[in-house]
Amino acid sequence: MENFGERFKRIRTTHGYTQRGLASEIGISGAAISQWESGETQPDKIRAEFLDAAAHKLHTTVRHLLKGDGAEGNPGSVKVEAFAIHGMVDDEDFDPETGVMIPVYEMDVSGGPGAPILEFAETRYKLHFTRKWLKDVKAKPEEIRVARVRGDSMQPTLWDNDKVVIHMGLTRIRNERLFALAYAGEARVKRLYQLADGRLRVVSDNPDKAKYPDEFIEGDDLNNVLIIGQVIHKMGEGGL
């Protein structure tokens, strides 16, 4: 039977964190993490806010860290806002004084070895965004892309055929946020983590980790990753 320290160490290493790396993320020392894992510090002596922060970083729950029961993954960690927006095929009712029309795109990645080349294929659909909304998210119209999601790897946050709004001006990785990226010949929407050791952790929200394991990109392979932009809104059933 796994004890707390053994379970914590297993989950930490599975997610690519060193003791010092995780400690720096949650505001404690590497020695404190070592004491948790060795049993020198018992779980009931650990401050609740540090356990909460650790569970959040490890994409799990405090309950699972402490007891080993419940789902290890935390599909409730949703940071994509859902909102209603009007889709248009024509623009006869469109007022350019108050809004802009942004096409829905299909994303495609082309090119062989080396940095990926991203191509946007415009569909027949357009969406109406208000200029106030663009100002609120600090985006220019040309920095916004709306793209369709394919597959179930990001359920329950995003479902097949949902649409995501991508801010191409936001390419600096912010841990746990959703980003559109191009890698290994395809465009994807994933939750990204920049690890302390320099690796990039790519996470699917689907809790079936046998089917959708975390990916770790490192070394020269990082040069082949193109961060398209941060997902700032979504339209569809997921994440509600």
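Here residue 2 clears all of (1) surrounded by fewer than 14 Cβ atoms within 10 Å (Cβ to Cβ); (2) without any contact (Cβ under 8 Å) to a residue 60 or more places away in the chain; (3) over 26 Å from residue 192 (Cβ atoms) except the condition numbered (2).
When the stretch 169-222 is filtered for residues that are closer than 29 Å to residue 140 by Cβ, basic (Lys, Arg) and either surrounded by 13 or more Cβ atoms within 10 Å (Cβ to Cβ) or not assigned by TED's automatic domain parsing to the domain that holds residue 105 (or both), the ones remaining, listed by number, are 174, 177, 188, 190, 191. Each residue in the stretch 21-66 was checked for being of a type in the set (Lys, Arg) and under 19 Å from residue 174 (Cα atoms), and 1 pass. For the stretch 133-162, a tally of residues being over 21 Å from residue 212 (Cβ atoms) and either in contact with a Leu (Cβ under 9 Å, 6 or more places away or on another chain) or not in a strand (DSSP E or B) (or both) returns 13. Of the set (1) at pLDDT 90 or above; (2) of a type in the set (Gly, Ala, Ser); (3) more than 23 Å from residue 165 (Cα to Cα), all apply to residue 196 but (1).
The values are calculated or read from the model by the stated rules, or taken from the named source; none is laboratory data. All figures in this text were calculated on a predicted structure; none of them were measured in a lab. Quick reminder, even Gly has a Cβ in these numbers, built from the backbone with ideal geometry, and neighbours come from all protein chains shown.
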